[in-house]
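All remarks here apply to the structure that follows.
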Amino acid sequence: MHGCLTSCGVLPGALNLPMPPLAATEVGSYAPVLLLIIMAITFAVANVVLSRIFGPRREGNIKATTYESGMDPVGTARKRFNVRFYLIAMIFLVFDIEIIFLYPWAATFPNIDHSTDQAMIWLARIFFFMLTTVIAYIYGYRKGVFKFD
Amino acid sequence: MIEKLQTLWPEITLFIAACAVMIVGLSGTRSIRALCTPICGLALLIATFLSLGGLGGVDITVTGPLPVLASYGKAMVGVIGVILLLLIPGVVDREFDAAPGGPGEAPQPPRAFEAIRSNTAEFHAFFLFSLMGLMLCAGADDLIWLFLALELTSLPTYVMVTISTARNRSLEAGVKYFFLGALGAAIFLYGFALIYGGTGSTNLEAVHASIVAQADAGGINSITMAGFVMAIIGLCFKIAAVPMHFYTPDVYQGAAAPVAAFLAFVPKSAGFFAIMLLTATLGWSFGASGTELPGPVHSALYIIAVLTMTVGNVLAILQNSIKRILAYSSIAHSGYMLVGIIAGPGGGGGADSTLSRNGLSAVWFYLVCYGVMNVGAFAVVASLERRRADGTHDEIDSVADLRGLCASRPLLGWTMVISAAGLLGLPPLLGFFGKLPLFTSGVGAGHYLLVIILGINSAIAAYYYLRLAAAPLLESRDPAESVGGEIVESPYRLRTAAGLISAVGVVALALGLGGPLGSAATSVGQSGFAPSYVGRRAADRSPAVIPAAAHTVDDEPRDVEPAADGSVDGATIESDGGPPDARFDHAR
Amino acid sequence: MTGFASAMSALTGAATLTLGQSDFPHPMHQVTLAHYLVLSALLFGIGLIGFITRRNLIIMFLCTELMFQAAGLALIAFSRFHLNHTGETFVIFVLTIAAAEAAMALALVVLLFRRRETLDASAWSELRG
């Protein structure tokens, strides 16, 4: 906290101070990323260009149809989907977001002395958190989200 | 951590009830579904009891800028929540309920229940979640906490508005409300981020300590200041104040009246809790007199207050819809209450600062008064409906629909008269006693121009409030007017009861109950103001306060992280200990 | 890592600046707090302007998300600057709220589209006073 206070005092003038150095705060250390981007672009462009140059070209009706895993295309591509898919997506979102809380918890929990009360509190906390998700799941079940008929 | 948990019993009660309601409300049996409202009511009453220090004197006060606010705010939310709850039956799922039947008509047969088309469970659960968020706002001591509580208050209301009627106008209201709400949330979130950036902490006490340190060192840095101003502008959405007020009339008109009543109280209170916590974090110890908020925040609030009052009142004159009038009046009232925040806790802020001097207490007192009076006005609108020839029903909307109400339905008519006159602030009624401390605290703090504008606006407001009061009392109903359908009383009689309770509340608070409430509000306004918060001139500031304040903060929520845990606490520990350069060493 | 980074810097022609070097700080080739703040402010501004000027509801929603993420970026930068984890913790919660808002926004958009078959905000102006 004291460290924070000292840094606050200098903040207005400190905007042009560098961030505390981690590797990722220096431009130079982004070079691999830049290299990767260049490689990705080169690979993609080269593939298109090379197949243009070397590939055989036979146009035709069959070739112009939409590719649907080898089946004959049925109906329009702008087809509406059942709104139930939306509900499934919402349930997915609940579990999706739950994960971002579970990860930090899981990364920290092994560092606690497991014989102390502190560890039990941590465990209770995450169980309560999971419980809320279970309630959401029960609610979704009662609501009929998982019924397909 | 555990200590903090103990202050949360009211919220935990509401949470358990909300989960129960979410399951119970989906039952196929109507009598089980009907349990939703009693469960909510019971939970709110228990929560109120707990927040008043029930259950063997569990101490509900929290740390932070305004410790007593938690208890006062939660109790206030619980009580007004019960009145709001009485308006709820019949808002959603009328087709699945047999309507209780008005006088002289048979109950209509209900439709077969379908869980996927029912909204009872969600509506009641969201109602409780929103109130829970509001209670969490009252007990907030951290910016993260405050942000989550504000969002927990707001997110359910977006849904409540949208599902409150099956008509397109509710949907439109919901969309407008949601999009502007998301904008407001993004703005105050950015403000919170800047506050954190400028002070290095999200804990309100630590932020305050840092601000005091910065002020002593020659001025609060611009990032912190910009953060506070942005946060307050973003919060204007919640209190329906000027830069973010556009949605208010549309949303109140589009939502069903019970939900509009909810919107007029709950998000507004959340906004005031948050603004009050933020301004208290800054402290009223700046400006030429040493009793003002820091310059930029002071000017921002001043401009917002003046514009909000004026815009709200002037535009309300032009309206014919009751709900739009009440919406603009809600905007105007936010402006009035901001005067109390600008005035601050008055000289010293200690025990000598009574209700008439202490702007904060005035705001807390007025918020309760406004909540009670406003629910009454909306309850009258909710209790009346226009039944068309084809059997459909709709809410009444125009002021003309109120004509002759005192003669035809005296209870509703007089409730409307009392509520409107109360909102206007006529002397024997509650609104007057609520507004008076705002005036006196403004004068006490020396903001004469602001108080004059407040007075002028109160006079403008008389025009439309008297219209609302005169239509039921003095005008008589023209039979030729019932072209759109006959106006009947809603079959849900609890709504009338809510109106009556609030009318009785308005009278009772004015007659004598206001005294205890006022002293409670005063204690909130006086609480927690360590000398560093209020009325200290720059010369009086002693640096000794800072380490002490920082120390108390260290014992607080951060110790939830285990001390042995290097990976989490490492950075903090290093920045605590070594010389300033240690900050840069730790990565090497 | 250090060797690799310096090799890469040499490769891209950037000034070689490795961790632990004594000429720190080196203003021209360092990402400072101000860079993050400017980027975050730009994102926020783009979001705000987009929200005001665009009329498509999904675009408007994306703009509010952009503003949320701008705040998130500022929080993380400040968190790094102050060397505590508060800002990063805040960001996790911000993401949660953003997801909740996304769920709600998409629900509203689906509802609206089913009623009016358009996502133009100006198609919805029944309420006026």
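The values are calculated or read from the model by the stated rules, or taken from the named source; none is laboratory data. Since the structure is predicted, the reported quantities are computational estimates derived from the model, not experimental observations. FYI the Cβ positions are ideal-geometry reconstructions off the backbone, even for glycines, and counts take in every protein chain you see.
What residue, of A:125, A:78, is over 24 Å from the mean Cα position of the chain (by Cα), among the basic types (Lys, Arg) and more than 10 Å from chain B (Cβ to nearest Cβ)?
Checking each option against the conditions leaves just A:78.
Would you mention how many residues in the range C:84-127 are at pLDDT below 85, facing chain B (nearest Cβ under 8 Å) and in a loop (DSSP other than H, G, I, E, B)?
Within the range C:84-127, residues that are at pLDDT below 85, facing chain B (nearest Cβ under 8 Å) and in a loop (DSSP other than H, G, I, E, B) number 4.
How many of the residues making up the range B:1-48 are in a helix (DSSP H, G or I), within 14 Å of chain A (Cβ to nearest Cβ) and over 25 Å from residue B:76 (Cα atoms)?
Matching residues across the range B:1-48 total 4.
In the range B:388-418, which residues are among the hydroxyl-bearing types (Ser, Thr, Tyr) and more than 18 Å from residue B:320 (Cα to Cα)?
Matches in the range B:388-418: B:392, B:408, B:415.
For residue C:42, indicate whether it is buried (at least 18 other Cβ atoms within 10 Å of the Cβ) and more than 8 Å from chain B (Cβ to nearest Cβ).
So residue C:42 fails the test.
Looking only at the range C:55-70, count every residue that is over 14 Å from the mean Cα position of the chain (by Cα) and over 19 Å from residue C:104 (Cβ atoms) and tell me the total.
1
When you check residue B:198 against the structure, is it of a type outside the set (A, V, I, L, M), in contact with a helix residue (DSSP H, G or I) (Cβ under 6 Å, 6 or more places away or on another chain) and without any contact (Cβ under 8 Å) to a residue 60 or more places away in the chain, yes or no?
yes
Do you know which of the residues in the range C:79-102 that are small (Gly, Ala, Ser) and either touching an Asp or Glu at 6+ places or on another chain (Cβ under 8 Å) or surrounded by fewer than 17 Cβ atoms within 10 Å (Cβ to Cβ) (or both) is nearest to residue C:124 (Cα to Cα)?
Only one residue fits best here, namely C:102.
Applying the selection to the range C:43-61, what residues are closer than 21 Å to residue B:192 by Cα and free of Cβ contacts under 8 Å to residues at least 24 places away in the same chain?
C:45, C:46, C:47, C:48, C:49, C:51
I need the helices (runs of 4 or more DSSP H) fully contained in the range B:460-564, keeping only those with at least 3 residues that are surrounded by 16 or more Cβ atoms within 10 Å (Cβ to Cβ) and at pLDDT below 50.
Where helices (runs of 4 or more DSSP H) fall fully within the range B:460-564 and carry at least 3 residues being surrounded by 16 or more Cβ atoms within 10 Å (Cβ to Cβ) and at pLDDT below 50, they are B:545-554.
Between residues in the range B:43-58 that are closer than 22 Å to residue B:85 by Cβ and residues that are β-branched (Val, Ile, Thr) and modelled with pLDDT of 85 or more, which pairs lie under 6 Å by C-beta distance while being six or more apart or on different chains?
B:43/B:13; B:44/B:82; B:46/B:13; B:47/B:13; B:48/B:79
Okay, residues lined up against (1) surrounded by 10 or more Cβ atoms within 10 Å (Cβ to Cβ); (2) over 29 Å from residue C:108 (Cβ atoms); (3) of a type outside the set (Lys, Arg); (4) free of Cβ contacts under 8 Å to residues at least 40 places away in the same chain:
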{"position": "A:31", "(1), (2), (3), (4)": "yes, yes, yes, yes"}
{"position": "A:36", "(1), (2), (3), (4)": "yes, yes, yes, yes"}
{"position": "A:53", "(1), (2), (3), (4)": "no, yes, yes, yes"}
{"position": "A:67", "(1), (2), (3), (4)": "no, yes, yes, yes"}
{"position": "A:79", "(1), (2), (3), (4)": "no, no, no, yes"}
{"position": "A:83", "(1), (2), (3), (4)": "yes, no, yes, yes"}
{"position": "A:93", "(1), (2), (3), (4)": "yes, no, yes, yes"}
{"position": "A:115", "(1), (2), (3), (4)": "no, yes, yes, yes"}
{"position": "A:120", "(1), (2), (3), (4)": "yes, yes, yes, yes"}
